[in-house]
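Working notes, beginning with the structure itself.
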Amino acid sequence: QVAYGKLSCVTKPPRASGSDDADDDRAQGCEVDFAALAGRRYRRAFALIQDTSANVGLIILAILLESVKHLTDFFIGCASDLKDRNARPPILDLLLPSSSPLYLILQYLSF
């Protein structure tokens, strides 16, 4: 009950420039109603779910971010230390279509 109740807080008002009054340091009380805040968040989330154009945009964003994540993982793996100095660097995998993560991403996006 305490977690969803009102929270009392103390704030100080902004000082006016050139003001040296003692009453500028007085504190102002405020209350935050978490139940009302949760209600506003719920209404916004519900409106986002009901909006079909936003849903299409989120799906497209998720598909593109998956491709970016895969490329990021590949480049981070290429930046790690080589275990065999005589082996071919893994960054050269970008040039070979059979092992290139770019071709893999193009195939992923083409479906």
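The values are calculated or read from the model by the stated rules, or taken from the named source; none is laboratory data. Keep in mind the model is a prediction, meaning the values are calculated, not measured. Neighbour counts run over all protein chains shown; Cβ positions are idealised from the backbone, glycine included. Just so you know, the surface numbers come from the protein's heavy atoms only, side chains and all, with ligands and any DNA or RNA stripped out. Shrake-Rupley method; radii C 1.70, N 1.55, O 1.52, S 1.80 Å.
Figures for the structure shown
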read-out: Any chance ILE60 is modelled with pLDDT of 90 or more and not polar (S, T, N, Q); value: yes
read-out: Test result for ALA45, among the aliphatic types (A, V, I, L, M), farther than 24 Å from PHE111 by Cβ and open to solvent by 60 Å² or more (accessible area, probe 1.4 Å); value: no
read-out: Failed condition for ARG88, given (1) surrounded by 11 or more Cβ atoms within 10 Å (Cβ to Cβ); (2) of a type outside the set (Ser, Thr, Tyr); (3) more than 26 Å from the chain's Cα centre (by Cα); value: (1)
read-out: Number of the condition not met by SER80 [criteria: (1) closer than 30 Å to LEU48 by Cβ; (2) over 23 Å from the mean Cα position of the chain (by Cα); (3) small (Gly, Ala, Ser)]; value: (1)
